[in-house]
Structures are given as C-alpha cells and as structure tokens.
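All of the numbers you see were taken from the coordinates with simple rules; none came from a lab. What you see is a predicted model; the values in this text were computed from it and never measured. Note that we place each Cβ from the backbone using ideal geometry, even for glycine, and neighbour counts take in every protein chain shown.
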Amino acid sequence: MSFQGSLSELPLPDIVQLVSVSGKTGVFHLANEGREGQIYLKDGKIVHASTSRLSGEEAVYELATWQTGEFQFTQGTETAEATIDKSNTNLLMEAARRMDEWSVLSKRIPSTRHIPVFCEDSASTSLSFSPQEWEIICRVDGRRSVEEIALALGKSPFDVAKNLYGLLTGGILTLREDFLKPFLPKLQVLGTDELQKINAEIDTVARQLLGTGTDDQGLDRAVQLSSRQAEAGRGVDALIDLIRAHEHALDNAKGAAACEAFAEQTRELLGQLTA
C-alpha cells in the first residue's frame, strides 16, 4: 500500500496516527522546500525518524513543525535503525504540542531557512539577554539561517526559534529570506548529474573571488563533501551545504564584501541555470 498527500491539509501527527493504529510497517517520506525527512513504523510503532541533520525523537518534532509540503507512505519498507523508544501516544502528543507552539512562533519566524540579521538600531538598544539568547547573538553573521545556527549550537531549530522569538520581538534581530528560496522548486527536480554541474559552476565563482595565492583547502573539502552527499541522494541539501561552506571560507579569507559578491553572483548563476 502507498498513499500520499499534502501536509497543509492534514497535520503530521494525524497522518502518522491514522497509519499506526492499523499496525502497518513502512516509511513516511516527507518533503518541504528542498528538505526531506523520514519516519519509520514497525507493526504500527514509530521506531526511527530522520532529517538531514536530526534523528530520533527530535526529528519527529522537527517534521511536525512543517506546515506545508508533501508526504508519501510506502508500506513494507523497514530500517535496521531504532532511535525511538517513546510510545506513539507520548511522541505524537509532544509533536502536537510543538505544532501549537510553532503556530505562535511562525508569526515571527515563517521558516527556519530565514536568516537572522541585526536591526539597524540594535546597537543603541539596552537590554539584558539570557545565556540562550547570547548563544544565538554570537552566531548571527548575516549568512547562517535559523537551521544553521541550530546546527552550530547542537540544538533543534525549534529550540533556537523559541529563544530567537524574543530577540525579534525586542527589535534586536530581524529576518531576511534566504536568496536560494526562489530557486528551490526548480532545483528539486534536477538529477544528480545536473546538480553536480551546478556545484562545479558555483565552486568556480568562489575560487575566482578567493583569488590566487590563497589557501583554498576549505573549498576543496566542501566540494568533496558535497559530492559525497549528492551521491548519497541528498541532492539540493548538498548544494545548499556547499554554498554555505563557500560563504564561510570566503568570509574567513576575504571578509563580508566577498560574501556579498559571492551571493550576488550565485543568485545570477542559478537564475541562468534554472531558467
């Protein structure tokens, strides 16, 4: 048995509960704005879940905050991994609770792919911050998204969003949309070979901005990692990781101006390649 649908029409906990009560074994594949996730059931019990950066219970909770996207359930697919011990009832109750909390957070944070930046008048604002808020502030660099800050902190995007909410409300930070978002729908339908060609083009742009005589080992490592990720089926996520790694390398070597130039040239390049 296989069925599919839209997460905007049916919340994830309801979908999983519908299948689990029938005692089925199989996997849910979920996709949203280039992101992917899986939830595995064995005899109706949730035994494993994963996203590109999370696994286990936190992956289920992260997937539950996706308010849009598509899902597909494929019966009979099993996994050897077992990262979840909690009962379906407790797991899905917590997922539903986070969905309710996310409905409030999303009014300020539409997507964890948005990028926190400092407000122009934030330097003149006098406020005290919690240790959790300071962790976020110290990692705001105008390039890292909420997801990437969460990865750097070893936390879930949901937990970071909860602390980020106060900084946005207080006028310390604001969010800007990731420049990659308009290209994601077209990138998602490309094959591995086509994405690898785009990777190569973007790598060329970064190396030209880096210039000769500069250590480019960071770029080499990013390309090798992206290639392995693409071959493993991560596709668009591998491309996004490559772009972020190259931004970081350029920032370390050349500063913010080089990062801005890289973002602009990458935007133009993607526009041409996905036209």
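Can you sort H29, H114 by how many other beta carbons sit within 10 Å, fewest first?
Details: H29 15, H114 20.
Final ranking by Cβ density, sparse to dense: H29, H114.
Ranked by Cβ crowding within 10 angstrom, fewest neighbours first, how are S128, S52, S8, S145 ordered? Walk me through the numbers on the way to the answer.
Numbers: S128 6, S52 18, S8 12, S145 22.
Ascending number of Cβ neighbours within 10 Å: S128, S8, S52, S145.
Once both axes come from the Cα atoms, what is the angle between helix 157-169 and the longest principal axis of the chain, in degrees from 0 to 90, rounded to 10?
The helix 157-169 is inclined about 60 degrees to the chain.
Taking N as the number of residues in the chain, what is its alpha-carbon radius of gyration divided by 2.2 N^0.38 Å? Mind showing how you got there, number by number?
Values: Rg = 19.9 Å, N = 275, 2.2 N^0.38 = 18.6 Å.
After normalising by residue count via 2.2 N^0.38 Å, the value is 1.07.
Shape call for segment 209-275 from the C-alpha gyration tensor, a ≥ b ≥ c root eigenvalues: rounded (a/c under 1.5), prolate (a/b greater than b/c) or oblate? Intermediate values should be presented prior to the final figure.
Working: a/c = 2.32, a/b = 1.23, b/c = 1.89.
Judged from the Cα gyration tensor, segment 209-275 comes out oblate (a/c at least 1.5, b/c at or above a/b).
Between E81 and V189, what's the calculated FRET efficiency when r is the beta-carbon distance and R0 is 30 Å? Round to 0.05.
The value I calculate is 0.55.
For segment 112-172 and segment 21-98, what is the separation of their Cα centres, given in Å?
28 Å
Can you put E264, E58 in order, fewest other beta carbons within 10 Å first? Walk me through the numbers on the way to the answer.
Working: E264 12, E58 19.
Listing E264, E58 from fewest to most nearby Cβ atoms yields E264, E58.
Mind pulling the angle between the C-alpha long axis of helix 236-254 and the longest principal axis of the chain? Nearest 10 degrees, somewhere in 0 to 90.
Approximately 30 degrees, to the nearest 10.
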